[in-house]
């Protein structure tokens, strides 16, 4: 299928057929299309893990009228694979690691694989395109998104949309919008000025809509006082009137709707996964004149049209035996290799020499743990998980591997003294960060596990003790970090020799980490977020707020504005080879800004590099960040090979939102600063004005 398929235009060709069906439906049938079909107690029980089955083990159904040829919507959750099924789904690396790969083509391929598994479990809808912007890296679900930058979120999210829908599965973009506080998500109301709203917090959602996404899920939180599932401004004015979205909306599960009339009137099409506020209550609201039948007709039309279009596409492009799980597992391995980010490598400590006679000591309980991320709604039940210790011990080498979980500092020191190489595995797991569970009424939250990292943005005390113990006898330990977002490391970073960011690397993650440690794979990941030296460099946050305001600056743009140098910048990552950029050229025409450079691999082995284009507008009418990411390209070069890399930024991509005119304004007549480099750090960027 053509990657540039216009999904909206395709779906609209089914409008007449959908209208014809709609004319034959009773009010009760129309409302049934808007109603999730799961049993309330089963869903709540699965969320609370009281049942033998897990959450979303089978696709969750909404609507569908067989005798009227209306397909049901069959929901499969997940952001790192398909939640449905029992011990067979492929668990890909979390989205933050896929963001670190900086490879939209790879993300499209992952989307195609996920869609095949969605179809294989009997679903037709994937609720896993998560593009919320982490205003603060302590957000518990930051692992489910591609990083801190709106452009990166939009580029990668739209790639996943295209990949998923290439197989006809409906891609759902979530959580619309401003959902980046986990513990308070059921009560907090976010405020934001209009310019920050459109440029920073909504722009990546629009890119996913423009890519053809067929569905949008609302968020639990409130925006400007109104629940997002009942927010007419977001669901009707922005999404439909301004962005011309043609698909249907669903609420976030169970607690995403609290008022029948407000939700239906605001444009919330389907209550999921149960019927509590829709169904009979919605019928009564229509009969009482509180909700118009025209509103019901509009929702029903959107639902029917979208389901018809995608169902027919699936039938026309069905491939027998097309779901190759082994191939998908290999893709998960490839993705983990691409995303692992080398942050430090003093004296070329890595890759590890694993010749006979070498002794490798692995420390830390996380080395021997199946640590693939959150265990909330995004948990994928894979047939196996390769731990980091397993990856190291099973790697084909002649070295001796000794493992110790690290309880005794003195024993860590003894082992470190005797070792040729020390590998310390540290970081976070599902108990530290992830989805926050709600109680029966969702008036309060139950913080048994996961949630936001409200207190500790660095390593745990027991992990720091291992690093400190080893540091007393040697300064060349290798630290492998696992976690879904930024981890502070300034207090220990100078006492180790090498640092790998492994994120939550999926079911094949241990093998990928070993491949990088021993040099089979050359790391090419880049940080999708900035790592500051201290937490005070981050935006202020109140994780228990009932009202909170998001500002315009965060992440690397905030540090640039404050003239604070990070420990590691956004877009940063080392390699086992070296690259140079030369011959930068910058030019423009009426519509675009262009840059080109010659990238050369000046080392002794193949490797990948991400050439990044940032753009600034110092002469703009409004205050801007010094520069923002506007294009990137991942290239792979053999030793000695060079390649011209061309990058482009449409000038409209640099438009600012004029609050007085309530529209984006592109400044075509002003000069722009074009920056090109391999990270966002100012002193490492080439800059030209054009």
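All of the numbers you see were taken from the coordinates with simple rules; none came from a lab. Keep in mind the model is a prediction, meaning the values are calculated, not measured. Backbone-built Cβ (ideal geometry, glycine too); neighbour counts: all protein chains shown.
Ranked by Cβ crowding within 10 angstrom, fewest neighbours first, how are 508, 311, 293 ordered?
By the 10 Å Cβ count, ascending, the order reads 293, 311, 508.
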(message) Output the 0 to 90 degree angle, nearest 10, between the alpha-carbon long axis of helix 104-120 and the longest principal axis computed from the alpha carbons of the chain.
(response) 50 degrees
(message) What is the angle, in °, between the Cα long axis of helix 409-418 and the longest principal axis of the Cα atoms in the chain? Nearest 10 is fine, range 0 to 90.
(response) 60 degrees
(request) In nm, give the distance between the simple-model label positions of residue 561 and residue 474, each being 7 Å from the Cα along the Cα-to-Cβ direction. (result) 4.5 nm
(message) Between 0 and 90 degrees, rounded to the nearest ten: what's the tilt of helix 325-339 against the longest Cα principal axis of the chain?
(response) 60 degrees
(request) Determine the shape class of the stretch 7-325: with a ≥ b ≥ c the square roots of the Cα gyration tensor eigenvalues, call it rounded for a/c under 1.5, and otherwise prolate if a/b is greater than b/c, oblate otherwise. (result) rounded
(request) Compute the separation of the alpha-carbon centres of the stretch 205-261 and the stretch 625-644 and state it in Å as a whole number. (result) 36 Å
(message) Take residue 348 and residue 535, extend 7 Å from each Cα along the Cα→Cβ direction, and tell me the distance between the two endpoints in nm.
(response) 4.0 nm
(request) Provide the percentage of antiparallel DSSP beta bridges, counting only those with both residues in the stretch 34-188; round to the nearest 5. (result) 40 percent
(request) Mind checking the full-extension length gain between residue 520 and residue 642? Use 0.36 nm per residue of separation minus the Cα-Cα distance, one decimal, nm. (result) 41.7 nm
(request) Work out the FRET efficiency for residue 619 and residue 491 from their Cβ-Cβ distance, taking R0 = 41 Å, and round it to the nearest 0.05. (result) 0.50
(message) Can you compute the label reach from residue 317? Point 7 Å from Cα along the Cβ direction, backbone N cut-off under 14 Å, restricted to the stretch 177-220.
(response) 212-214
(request) Run the quick spin-label model on residue 400 and residue 455: label points 7 Å from Cα toward the beta carbon, then report their separation in nm to one decimal. (result) 4.1 nm
(request) Could you please tell me the mean projected area of the C-alpha convex hull for the stretch 230-330, averaged over all directions and given in square nanometres to one decimal? (result) 9.0 nm²
(request) Determine the gain in length on full extension of the stretch residue 193-residue 16; use 0.36 nm per residue of separation and subtract their C-alpha separation, reporting nm with one decimal. (result) 59.7 nm
(request) Out of all DSSP beta bridges with both ends in the chain, state the antiparallel percent to the nearest 5. (result) 60 percent
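Once you compute Rg and the Kirkwood Rh from C-alpha atoms, what is the Rg to Rh ratio for the chain? List each step's numbers first, then the result.
On the way: Rg = 25.1 Å, Rh = 25.8 Å.
Ratio of gyration radius to Kirkwood radius: 0.97.
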(request) Can you tell me the FRET efficiency between residue 293 and residue 5 if r is taken as the Cβ-Cβ distance and R0 is 35 Å, rounded to the nearest 0.05? (result) 0.55
(request) Under 1.5 on a/c is rounded, so check that first for the stretch 462-611, then, if it is not, pick prolate when a/b is larger than b/c and oblate when it is not; a ≥ b ≥ c are the square roots of the alpha carbon gyration tensor eigenvalues. (result) oblate
(message) Within a 10 angstrom radius of the beta carbon, how do 139, 492 rank from fewest other beta carbons to most?
(response) 492, 139
(message) Place a point 7 Å from Cα of residue 27 in the direction of its Cβ. Which residues in the stretch 288-330 have their backbone N less than 16 Å from it?
(response) 288-300
(message) For a protection proxy built on the mean count of beta-carbon atoms within 10 angstrom, sort 85-96, 25-36, 203-214, 393-404 highest first, please.
(response) 85-96, 203-214, 25-36, 393-404
(request) Tell me what the chain gives for mean residue ellipticity at 222 nm when only DSSP H runs of n ≥ 4 count, each as -39,500 (n - 2.57), the sum divided by the residue total, rounded to 500 deg cm²/dmol. (result) -7500 deg cm²/dmol
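What fraction of the DSSP beta bridges in the stretch 340-561 is antiparallel, stated in percent and rounded to the nearest 5?
Taking every DSSP beta bridge within the stretch 340-561, about 30 percent pair in antiparallel fashion.
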(request) Just rank 630, 4, 561, fewest to most, by other beta-carbon atoms within 10 angstrom. (result) 4, 561, 630
